[in-house]
Every structure is written in C-alpha cells, then in structure tokens.
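J.: Can you read through this structure? Questions will come right after.
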Amino acid sequence: MNPNALRNDFPLLASGLVYLDNAATTQRPRQVLQTLTTFYERYNANIHRSPHALGEAATQMYEQAHAGVARFIGASSSREIVFLRNTTEALNLVAVSLCRGESGPLALRPGDEVVITIMEHHSNFVPWQALCREAGLHLRIVGLREHGALDLDQLSANLGPRTRLVCCTHVSNVLGTINPVIDVARMTHEAGALLLVDAAQSVPSMPVNVRSLGCDFLAFSGHKMLAPFGTGVLYGREDLLQRMSPFLFGGDMIQTVTESGSTWSSLPWKFEAGTPDVAAGIALGGATDTRTGQRLVGAVDYLAALGMDTVRAHEAALLEQLVKGLREIPRVTVTGPSDCAQRAAAVSFSVDGADPFVVARLLDDEGICVRAGGHCAYPLAARLGVDGTVRASPYIYNTASEVERFLGVVKDIVAHRIV
Ligand SMILES: Cc1ncc(COP(=O)(O)O)c(C=O)c1O
C-alpha cells in the first residue's frame, strides 16, 4: 500500500496538513463523497415505503449496504447488521433493549451483574453505570495488568452465576491495547453470559470477523473508517436480536399496528425506527444500481480493496516508528503496551510538567492535528493517575515522513517551547 498515492483521494489533505487525529474521526475519500452526491442526484427517495421505481432503487441500495457491512465483518447475514448513528447509539441500544421486560429470557433483572473493563470509552461505561443504578444491577469493573493489558485473572474472578453481560473494548482508544477478545468470549460464555464488543477502534484498522471473535454483539462507527458522520453499526447474533425488544418505536420498525397493540418488522428493520440517513448508510456499505450497474462506493469497499491485513501492517509500521521515536524524547512517557504487537496505532503520551492541551496547540501551530485530554475515558485516566494525555493516531494515508515530522516537532516543543 502506498499512502502517498492514496492521498490524492483525500481532498482535505492536499494542503499538507498532517492529520494524526484519526481515532477521533478519519478523513473521507473522494469515492465515498461521490457516493453521497450520486445518491442525492440520481436516487434520492425514502426507503421501505415509496411504491415508485426511485424508492425501490433507494431501498435496494440501502439493503445492499447492510449486506456490504455484513461481508466486511463476517456476519452470517445482513439481518444481523443494524445501521445506527454511531457506536454510542449501538451500545445504548443493547443496554435499553436488554432491560425491557419484553426481552423475555434475555431480560436483565435486579441483582444481575454486568462486567465492564476500566479501559472502556464513556460510551461503553456510562450506559452500564446508569442502567445498573436504574435497574438494580451490579456493575463489576475489571482492571489492568502492567503496561495496560487487561487483567484476565480479574475478569475470571468477576464472572459468576449472576453475570449476564460482559462489555469489553476490542482496542483501547487511550492505551492502544488490543484485548484478547477470543479468550474473553470463551470465558464469558463459560460463565453463561453474553459478550458485547466495542470495536470502534478495531474495525477501521484490522481484520475483524465477528464469528472468529465469538462475540454476541459488536458496535462500531462509520465515521472512524472513512464513511460519513452519522453512520454506526450494531452487529448482533440473529437469534439474540430476534428475541430482543425494539430500541426506538415508530415508523418502519413495525409489521402491524392496531389500537390494541403492535408487532415488529423483521430484522434488522425492527431496530431501525424512522427515516434513516440513507445516503450515508450507502456511503458506508456500498451498493450497485441493479438496473444500470452503477456502483456507489462505500467505505467498506474502499478498505476491502486495500485489504485489512495491509491496513494493519501499514499502521503497525507507523506505530513502531511513533512509539520508538517518542520513547527517545526526554520527559515523554508513552502509555500502553510496550510490545507493539499487542497494540494498535492510537498512541497516547504525556510530557512531564506540560499540559497536554498546550502540547496539542503547539503541534497545531505547525499544522499537525492530534487530540488532547481524557479521551472520553476518565475512569481510566484516574486509575493511571494522569489528568490527560496527547494522542497521535495515524491511518492509511499517513506516511513515515509525516511521523518523522511530528516527532521532530515534539522534540522541539519539549526542548524549547515548554518549561
Ligand atoms: C473505543 C471507543 N468506543 C466508543 C467510541 C464512541 O464513538 P462515537 O462517538 O462514534 O459513538 C469511541 C470514540 O472515540 C471509541 O474510541
């Protein structure tokens, strides 16, 4: 993969901006932007309701986009793929749905236990905290071993007969740690519980196959993997989604409605109430107009053409360079696993005595975008004993020379621009 060649696809990078804030959101390639334009110019109609050819084409394409995402993550069928706004909404869907009495055998009951880890993003922390308070459940929090690895002994100790659900991130957005989800799934299932994986930082960056991982639910955001804002996905095992209650109620998610009650549409539509962002969904999953053969490229098409092994290899090379370079700079401490094989390319670091926001602003002055702060993981920051860190997160279009430039600027900031 040649990142320099890819850069032509990303209009925003043409100015020479060094964009290293990809864990927050990525840039979008022209091909995906073109899909949005093409949809609105040639196919714009509402789905699942319009009896005209335009509406049918839009419906078919939106359904194909679900199938494209299903293929990308190895789901058995598009019935297991719910399009939502983002990872946060997907995680909240599971929390709300499992707590509705109608979920029958799946419903969470007072006294049940939900296990999360200390490295969760607020999106996979706060919904469970709130739910446990409201529904009388117990929240168990698994800690870390040295260098930011998940403590599997603690996980094992926290699994018990009342454990119903384990919620675990695949990749930490702060530490970069890649969690051993296959082991977590085995342990969770041996305890008779379900596993929900927050894959917001893994699906964009490495091959992810839901069946190989053995998870029951998996959530991720399209905007972190080249697709438009407002796109997110919940994967759920079909037999589980089948038995779960809807999340939102309204149009498009019903089969029948009478004065005395309603029944729900088939999967995944039961979980997609109201008019969705059709164009953005197609720009995530891709679709072909079956009448004309015209292809509307989705973000998953773009990534699949590169190959997710290649994406991971490219990120891993930049990660090694980043971690090695930062470690050589005095006063800089890199958080997370020291072995790059155990981690992804979100690299957080602190500069002794310096406010992370000041460091980020000084980098910005040099045309380098990074993130600073608690990265929506305050409980983790508290356990690590830091107020915040600076985070650099490269992606497919970043080059070794950009990382070199970033390291040079950090070195200069540490040596000359902060006391
Ligand atoms: C690990 C992780 N989970 C969840 C989220 C939330 O994603 P979104 O804001 O797209 O819902 C993020 C965002 O940074 C994340 O990094």
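The values are calculated or read from the model by the stated rules, or taken from the named source; none is laboratory data. Everything quoted here is computed from the prediction, not taken from an experiment. All Cβ positions, glycine included, derive from the backbone under ideal geometry; neighbour counts span all protein chains shown.
J.: Considering (1) part of a helix (DSSP H, G or I); (2) within 16 Å of the ligand (Cβ to nearest atom), say which one Gly68 fails and leave the rest.
T.: (2)
J.: Also: When the stretch 386-419 is examined, which residues are found to be small (Gly, Ala, Ser) and surrounded by 16 or more Cβ atoms within 10 Å (Cβ to Cβ)? Before the answer, list the steps.
T.: As a first pass, look at the stretch 386-419 and keep what is small (Gly, Ala, Ser): 388, 392-393, 400-401, 408, 415.
Passing the criteria: Gly388, Ala392, Ser393.
J.: Identify, from the list Thr88, Thr25, the residue that is within 16 Å of the ligand (Cβ to nearest atom), more than 30 Å from Thr292 (Cβ to Cβ) and not assigned by TED's automatic domain parsing to the domain that holds Ser266. Break it down into steps so the answer makes sense when it comes.
T.: Working: Thr88 fails: not assigned by TED's automatic domain parsing to the domain that holds Ser266.
Residue meeting the stated conditions: Thr25.
J.: I've got another one for you. What number goes with the only condition from (1) under 26 Å from Pro29 (Cβ atoms); (2) at pLDDT 95 or above that Phe271 does not pass?
T.: The number of the failed condition is (1).
J.: Would you call Glu56 assigned by TED's automatic domain parsing to the domain that holds Ala130 and either at pLDDT 95 or above or under 30 Å from Val403 (Cβ atoms) (or both)?
T.: Values: assigned by TED's automatic domain parsing to the domain that holds Ala130: yes; either at pLDDT 95 or above or under 30 Å from Val403 (Cβ atoms) (or both): no.
Against the criterion (assigned by TED's automatic domain parsing to the domain that holds Ala130 and either at pLDDT 95 or above or under 30 Å from Val403 (Cβ atoms) (or both)), Glu56 does not qualify.
J.: Can you tell me which residue among Phe10, Phe39 is surrounded by 14 or more Cβ atoms within 10 Å (Cβ to Cβ), not polar (S, T, N, Q) and not assigned by TED's automatic domain parsing to the domain that holds Gly236? Even if it seems obvious, please write down each step before you answer.
T.: Values: Phe39 fails: not assigned by TED's automatic domain parsing to the domain that holds Gly236.
Unique residue meeting the criteria: Phe10.
J.: Which residues, taken from the stretch 346-361, are among the hydrophobic types (A, V, I, L, M, F, W, C), more than 24 Å from the chain's Cα centre (by Cα) and crowded, with 18+ Cβ neighbours inside 10 Å?
T.: Passing the criteria: Val351, Ala354, Val359.
J.: Consider Thr26 against the criteria (1) touching a residue at least 60 places away in the same chain (Cβ under 8 Å); (2) out of contact with any Ser or Thr (no Cβ under 8 Å at 6 or more places or on another chain); (3) assigned to a helix (DSSP H, G or I): it satisfies all of them except one. Which criterion is unmet?
T.: It fails just one condition, (3).
J.: Same structure again: I'm checking my understanding of the structure. Among residues of the stretch 131-183 that are part of a helix (DSSP H, G or I) and within 15 Å of the ligand (Cβ to nearest atom), which one is farthest from Gly388 (Cα to Cα)? Before you say what the answer is, go through the steps one by one.
T.: Start the filter on the stretch 131-183 by keeping residues that are part of a helix (DSSP H, G or I), which leaves 131-135, 146-148, 152-158, 181-183.
If we keep only those that are within 15 Å of the ligand (Cβ to nearest atom) as well, we get 148, 181.
Numbers: Gly148: 16, Val181: 27 Å.
Restricting to residues being part of a helix (DSSP H, G or I) and within 15 Å of the ligand (Cβ to nearest atom), the top hit is Val181.
J.: Okay, moving on. Checking Thr87 against (1) surrounded by fewer than 23 Cβ atoms within 10 Å (Cβ to Cβ); (2) modelled with pLDDT of 95 or more; (3) not hydrophobic (A, V, I, L, M, F, W, C): exactly one of these is not met. Which one?
T.: Exception for Thr87: condition (1).
J.: Scanning for something farther than 30 Å from Val311 by Cα and either in contact with a helix residue (DSSP H, G or I) (Cβ under 6 Å, 6 or more places away or on another chain) or touching a residue at least 40 places away in the same chain (Cβ under 8 Å) (or both), does the stretch 75-92 turn up at least one residue? Don't jump to the end; show me each part of the working.
T.: Applying the first criterion (farther than 30 Å from Val311 by Cα) to the stretch 75-92 yields none.
No: the stretch 75-92 contains no residue that is farther than 30 Å from Val311 by Cα and either in contact with a helix residue (DSSP H, G or I) (Cβ under 6 Å, 6 or more places away or on another chain) or touching a residue at least 40 places away in the same chain (Cβ under 8 Å) (or both).
J.: Among strands (runs of 3 or more DSSP E) lying entirely in the stretch 189-241, which contain 3 or more residues that are touching a Leu at 6+ places or on another chain (Cβ under 7 Å) and either near the ligand (Cβ under 10 Å from one of its atoms) or in the same structural domain as Cys99 (by TED's automatic domain parsing) (or both)?
T.: 194-198, 232-236
J.: Considering the stretch 361-382 alone, what residues qualify as being on the phi < 0 side of the Ramachandran plot and away from the ligand (no atom under 16 Å from the Cβ)?
T.: Filtering the stretch 361-382 for residues on the phi < 0 side of the Ramachandran plot gives 361-366, 368-372, 374, 377-382.
Result: Arg361, Leu362, Leu363, Asp364, Asp365, Glu366, Ile368, Ala382.
J.: Given (1) surrounded by fewer than 18 Cβ atoms within 10 Å (Cβ to Cβ); (2) modelled with pLDDT of 95 or more; (3) of a type outside the set (Ser, Thr, Tyr), where does Arg383 come up short, assuming only one miss?
T.: Condition not satisfied by Arg383: (2).
J.: If you don't mind, another one. Could you list, in sequence order, the residues of the stretch 49-62 that are surrounded by fewer than 19 Cβ atoms within 10 Å (Cβ to Cβ) and either in contact with a helix residue (DSSP H, G or I) (Cβ under 7 Å, 6 or more places away or on another chain) or of a type outside the set (A, V, I, L, M) (or both)?
T.: Correct list: Arg49, Ser50, Pro51, His52, Leu54, Gly55, Glu56, Thr59, Gln60.
J.: List the strands (runs of 3 or more DSSP E) inside the stretch 309-419, counting only whole elements, that have at least 2 residues being in contact (Cβ under 8 Å) with a residue 60 or more places away in the chain. Outline the logic, then answer.
T.: Values: elements: 332-334, 347-351, 371-373, 389-392.
Those strands (runs of 3 or more DSSP E) span 347-351, 389-392.
J.: Please identify the pairs in which a residue from the stretch 116-127 that is near the ligand (Cβ under 8 Å from one of its atoms) has its Cβ atom under 6 Å from the Cβ atom of a residue that is at pLDDT 95 or above, counting only partners at least 6 apart or on another chain.
T.: Partner pairs satisfying both residue conditions: Glu120/Thr169; His121/Asn173; Ser123/Thr87; Ser123/Thr88; Ser123/Leu91; Asn124/Leu91; Asn124/Cys167; Asn124/Asp198.
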